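Chemist: Below is one structure. I have some questions about it.
FYI, it's all coordinate maths here, none of it is from the lab. Just so it is clear, the model here is predicted, and its values are computed rather than measured. Every residue, glycine as well, gets a Cβ built from its backbone with ideal geometry; the counts of neighbours run over all protein chains shown.
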């Protein structure tokens, strides 16, 4: 982490906070969406709201030791769970203990006399990609986060479409098979239950368990040092990129599953551009090709000509930059 | 059809035209969305654009023989196919011959010196239900037309959400099974291929063919006078209402299929209210109950509490009233 001299008195940056279940990522972002500095620390989500809020304050304090608080426009926060942006209250973020309803905005404003904005984390990333990333050329697109789970955000006319309760864009809970596997959400056949981290890892493990040859000698099994319980989508994607046949097939199949869900979403929304971010945005091009071909083959004919499936460009910084963009 | 005296000189009505593949429905609609008079005639869609446009002009002329053109605000048209509302051009309405791109608005304005507005027919019906029908209490809802096919419209903040090319709300082409039956649209497992008129009729026919007892003695077979080729959703719905067991099972199953698709749509859009119109809006309450229960069982928990599945209220007039509302 780079230390910089404190700069002038004119306000010239925002702080963005990406509140994750394991890590709080924070950054100093300028008016062009460039991240000038960053700082991350553990969320300690299992310790309850007070500890997590303390961690957030600690991270902000660290950034203000590098950049003068007087030059800061404000603080933007991207949070999982259900976010009430007016009351700045966060409800039930998955894997956070005791979060029935926490007034995150009020808590931060109680410490720093700065404007505070808060938004759903997927929406933040969508806003970031819209302003400065893979969607900046498009006034309307569907943003997909493909990581631990599958989330998303809908950009209409360059603005986030929040829906009635701020939850629009739940791409992961489009069912692609009404008789499909049970999903955590209570539904069945949700695309998240085919290509979310847990399911993708399990599926890969099962295939390798039935393929002793591949299990012992493949690139994939070397990446996890033979321990199939350690397989995660990062390994699958990396092995696929390096030519591992099983990994490649799994990633292409996953791309197709995502494509089935996206075709339904694009038909309903009349959108033609998809920007895919999250961990998988680093996946090899053939995964994106599989998504594109599947959507193209399934979507309404009027949507086919203009169809675009693009890679997000802000990578892991999308959350922080998008959160900062709430302020800027 | 009631003949009325020509009334005053103050403008006080709009003409609404619901352009269907078999029938052109037109009506005189006042500022409160009440249909004061109506007139229908054959579309002759197989005769090409000029004949259809002549039919539209003929219908308008008939209404103007009853209501003074000088009192008319303008003409609103709801059309199937892809509708460019700015250029007022209609492209490829299904079952219309030679409609690569027809300037419907210009043609009507060439005959009547009145403002002309045109919109997708499903969107018109959604607008009608939003202003004066089953959705009038809700600022945001999903409108579904369940008839020959399955269409829909998305009302956000009391306005129609058109999407990039005016095609938003294509509920019928949400896939509920990526391995499902081929759909006319080129996709697979679209809900329209489970509950559209053609498929529902075929399915019923197949069941009866394998059930000789029911085929010969049921309410359903009496309704079609024993000719299973004449079964349409109206008969199925009517027989179901009158206690026919097979018909009832089929309608409940269809309600469930629709529910699977709606759960995905509501998750993506973050909407909680569905208004169902089209021919099936006359179906017995247990069909609506099946839709409600299925959506409730599948949709995200945050959406369950506020979920509403309602019957459209404008019935067969929704298209005409919605088209007129483009003017009013």
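Chemist: Listing B:217, A:272 from the residue with the fewest other Cβ atoms within 10 Å to the one with the most, what is the order?
Modeler: So the residues, fewest neighbours to most, are B:217, A:272.
Chemist: In degrees from 0 to 90, rounded to the nearest 10, what is the angle of the helix A:49-64 Cα long axis to the longest principal axis of chain A?
Modeler: 70
Chemist: Here's a follow-up. Could you line up A:144, A:224, B:291 from fewest to most neighbouring Cβ atoms inside 10 Å?
Modeler: So the residues, fewest neighbours to most, are A:224, B:291, A:144.
Chemist: How far is it, in nm, from the label point at residue A:100 to the one at residue A:182 when both lie 7 Å from their Cα along the line to the Cβ?
Modeler: Label at residue A:100, label at residue A:182, 2.6 nm between them.
Chemist: What residues of region B:122-140 lie in the reach of a label at residue B:308, counting those whose backbone N is under 11 Å from a point 7 Å from the Cα along Cα→Cβ?
Modeler: Within reach of a label on residue B:308, which here means backbone N under 11 Å from a point 7 Å along Cα→Cβ, region B:122-140 contributes B:134-140.
Chemist: Relative to the longest principal axis of the C-alpha atoms of chain B, give the angle of the C-alpha long axis of helix B:121-132, reported between 0 and 90° and rounded to the nearest 10°.
Modeler: It is inclined by approximately 80 degrees.
Chemist: What does the extension gain come out to for residue B:293 and residue B:91, with contour length at 0.36 nm per residue minus their alpha carbon separation?
Modeler: Taking 0.36 nm per residue and subtracting the Cα distance, the gain is 69.0 nm.
Chemist: Given label points at 7 Å from Cα along Cα→Cβ, what nm distances, shortest first, separate residue B:249 from the same residue in every other copy?
Modeler: 3.9
Chemist: Taking a label point 7 Å from Cα toward Cβ, how far is residue B:110 from its twins in the other copies, in nm, shortest first?
Modeler: Output for residue B:110: 7.1 nm, nearest copy listed first.
Chemist: Measuring from the axis that superposes chain A on chain B, report the chain A residue with the minimal C-beta distance, rounded to whole Å.
Modeler: Smallest Cβ distance to the axis, with its residue: A:177, 3.
Chemist: Okay, next question. Let's test the formula: R0 of 30 Å, r as the Cβ-Cβ distance of residue B:42 and residue B:211. What FRET efficiency results, to the nearest 0.05?
Modeler: About 0.20, to the nearest 0.05.
Chemist: Continuing with the same structure: Once the label point is placed 7 Å from Cα along Cβ, list for residue A:213 the distances to the corresponding points in the other copies, in nm, shortest first.
Modeler: Spacings between copies for this position, smallest first, are 5.5 nm.
Chemist: Same structure, new question: Residues in region A:109-128, backbone N under 11 Å from the label point at residue A:22 (7 Å along the Cα-to-beta-carbon vector): list them, ranges by number please.
Modeler: Once the point is set 7 Å along Cα→Cβ of residue A:22, nothing inside region A:109-128 turns out to lie under 11 Å by backbone N.
Chemist: Using helices alone, I'd like the mean residue ellipticity at 222 nm for chain B: each DSSP H run of four-plus residues gives -39500 (n - 2.57), total over residue count, nearest 500.
Modeler: -11000 deg cm²/dmol
Chemist: Using a/c under 1.5 as the rounded threshold, could you call region A:57-167 rounded, prolate or oblate? The axes a ≥ b ≥ c are square roots of the C-alpha gyration tensor eigenvalues, and prolate needs a/b larger than b/c, oblate otherwise.
Modeler: Oblate, since a/c reaches 1.5 and b/c is not below a/b.
Chemist: For chain A, find the longest principal axis of its Cα atoms and tell me its angle to the long axis of helix A:197-209, 0 to 90°, nearest 10.
Modeler: 30
Chemist: Let me ask something else about it. Normalised radius of gyration for region A:1-92, please: alpha carbon Rg relative to 2.2 N^0.38 Å, two decimal places.
Modeler: With N residues counted in region A:1-92, Rg over 2.2 N^0.38 Å equals 1.11.
Chemist: Using a Förster radius of 51 Å, what is the FRET efficiency between residue A:113 and residue B:249 based on their Cβ-Cβ separation? Nearest 0.05, please.
Modeler: Efficiency for this residue pair is about 0.20.
Chemist: For each of A:256, B:106, A:308, count neighbouring Cβ atoms within 10 Å of the residue's Cβ, then give the residues from fewest to most.
Modeler: Ranking A:256, B:106, A:308 by Cβ neighbours within 10 Å, fewest first, gives B:106, A:308, A:256.
Chemist: Ok, one more. I'd like the distance between the alpha-carbon centres of region B:56-87 and region B:158-174, rounded to an integer number of Å.
Modeler: 23
Chemist: How long is the gain from residue A:50 to residue A:165 if the chain were fully straight, where each residue apart is worth 0.36 nm and the alpha carbon distance is subtracted?
Modeler: My answer for the length gained is 38.9 nm.
Chemist: Classify chain B from the C-alpha gyration tensor, please: rounded if a/c falls under 1.5, else prolate or oblate depending on whether a/b exceeds b/c.
Modeler: Prolate, because a/c is 1.5 or more and a/b exceeds b/c.
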